[in-house]
Amino acid sequence: MRRVAVTGAGVLTPVGNSVPELLQALREGKCGIAPITRFDTTGFGVSLAGELKDFRPEERISRQELRKMDLFTVYALAAAGEAMERSGLRMEEEDRSRVGVIVSSGIGGIGSIQSACARGTERGWSRISPYFIPMTITNMAAGQIAIRYGIHGLCSSVVTACAGGTSAVGEAFRQIRDGYHDVMVCGGTEAAVTELGIGGFAAMKALSPATDPDRASIPFDRERSGFVMGEGAGILVLEEYERAKSRGAEILCEVTGYGVSCDAYHITAPCPDGSAAAACMKQAMADAGVTPSEVDYINAHGTSTALNDRCETLAVKQAFGDAASGLMVSSTKSMTGHLLGAAGAVEAVISALSLKHGLVPATINYRVPDPDCDLDVVPNTPREQEIQVAMSPSLGFGGHNAALVFRKA
C-alpha cells in the first residue's frame, strides 16, 4: 500500500473563493449565511442561504464555454483550476493514463433543469437548449475537468448525497494507495440555491426557517432548527507520496484512512443510535492505523438539524469511547452552510488546512448548549493549536456514511 499526499486544493465557498480566502475566514470565524439574492423568497418559508459572493465565472472560463455548463460544473472547473495550479503538476510531463478524476455532486444541474422546464412549458419542448442534457448530468463536472487537463485515467462521479464529496476523496485515495493511479483530482461541487432546490428541501422541513443569519446554521446548539443551503466546490489533488516528495511538491497533509457504511434505515433520517456512522468512523481509523486517542480533531458533518447532530454525537461517543471527551469536534457548516455533495470535499480541504496551519476552526454562533450534543464543539473561537490527526465524516440521505482520516505531513 502506497502513501497518499494532498498536493493541491481549490475551493469556492460562501466565505471565500480561494484557499487563502477560506483560511482567513476560518481564522476570523466568518459567517457566509445571508438573505438569498437569486430570487424572491416570498412564500418559501426560507429566506437564507450560503451563496457565493463576488464570484465572476467569466474570469476563469470563456463565455462560449459557460453557455454549455450548469453552475455546478462551472464551480468544479474553477476550483480545479486553483487546485491544479497549487499542485504544480505539469500535465505535459505526466503519463495521463495514470491520472484520474472523481468528482461528486448530490443534485447536479438542478438550475438547468428548472430553466429548461420553464422554457419548454412556455415556448415548446423543441426549444430547450441542445446542451440541456450535458449541462444537467451529474458526471459532467468530472468529465469537463478531464477534458480541460487531458486526463485519460479513471473519470467518474460518486453520488451519495451529502456524503458524496467525502466518498469522492476516499475512492480517489484508494486508487492511488492500491497502485491503480499516481495522481487523482477529486472532490465535490453543488449549485442548488435555486427556486427548485430551496423549494424541495423546504417542503421536507429540512431547512432552517430562521431569518437571523447568526441563528440559522447553528450546529449542536439546542435552538437549531434545520440546515442552511450552501453552494460551491472543493477540489483536491492527491498524489503518491514519494512521487510528490521527489518533485518537490508542497504537501498539505496525508490521507491515511477511509471508511464507508450504510444505515439501511430510512431515506432521509439517520439511524437513531448512530451505530452505522460509528462503524464507518471505526473503519476509517483502522484503515489509517490510528487509535481513537490519536485523533485530535473531527470536522463534523454537523448540519444543524435536530436528528443529525444528536445522532452524530452518539456515533462519535461509540467510535471513540473514553477518548471522545478529549476530542475537538467542530462544524464549519456554521460558517458555510451545507454544500450537499460539495460539503465533504470542502471540509476535507479545511481538515488539510487545519493540519498544515495548526488551526482548529470554531463552531460559530453557538449559544445554547444541548445536553444531547455534549462534545467539545470548539464554540465561537478558533484555536491556534498543532494537531497531528484529523477526521472528516459525512452522513447523507439514503443512509450513506463516509469518513476520511488525515495526518499532518
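Derivation of every value follows stated rules applied to the coordinates shown; laboratory data play no part. No experiment lies behind these values; they were computed from the predicted model shown. Every residue, glycine as well, gets a Cβ built from its backbone with ideal geometry; the counts of neighbours run over all protein chains shown.
Listed values, structure above:
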quantity: Net length gained if the chain between R2 and I147 were fully extended (0.36 nm per residue, minus Cα distance); calculated: 49.5 nm
quantity: Residues F55, F72, F39, sorted so that the one with the fewest Cβ neighbours within 10 Å comes first; calculated: F39, F55, F72
quantity: Label of the coordinate-derived value, percent of Cα pairs over 28 Å apart, listed as (1) 41; (2) 46; (3) 56; calculated: (1)
quantity: Residues T211, T13, T42, sorted so that the one with the fewest Cβ neighbours within 10 Å comes first; calculated: T42, T211, T13
quantity: Lysines with Cα under 28 Å of K408, excluding same-chain neighbours fewer than 8 positions away; calculated: K30, K245, K282, K317, K333, K356
quantity: Distribution of pairwise C-alpha distances over the stretch 182-331, 10 Å bins, in %; calculated: 10, 29, 34, 21, 6, 0
quantity: Orientation-averaged projected area, Cα convex hull of the stretch 258-408 (nm²); calculated: 7.6
quantity: Neighbour-count ranking [beta-carbon atoms within 10 angstrom, fewest first] of H400, H357; calculated: H357, H400
quantity: Among beta bridges that DSSP assigns inside the chain, antiparallel share in %, nearest 5; calculated: 70
quantity: Within the stretch 352-404: Cβ-based charge dipole about Cα centre, in debye rounded to nearest 20 (Lys, Arg +1; Asp, Glu -1); calculated: 220
quantity: Simple Cβ-charge dipole of the stretch 258-408, Lys/Arg +1 and Asp/Glu -1, about Cα centre, in debye nearest 20; calculated: 320
quantity: Inter-label distance for D212 and D322, nm, one decimal - labels placed 7 Å from Cα along Cα-to-Cβ; calculated: 4.1
quantity: The chain, relative contact order in percent, only Cα pairs under 8 angstrom and at least six apart counted; calculated: 24
quantity: Estimated inter-spin distance, D376 and R67, nm [label 7 Å along Cα→Cβ]; calculated: 5.6
quantity: Computed over the stretch 4-246, the ratio Rg/Rh where both radii use C-alpha atoms and Rh is Kirkwood; calculated: 0.99
quantity: Whole-percent pair-distance distribution, where bins are 5 Å wide, for the alpha carbons of the stretch 1-81; calculated: 3, 12, 18, 18, 18, 15, 9, 4, 2, 1, 0
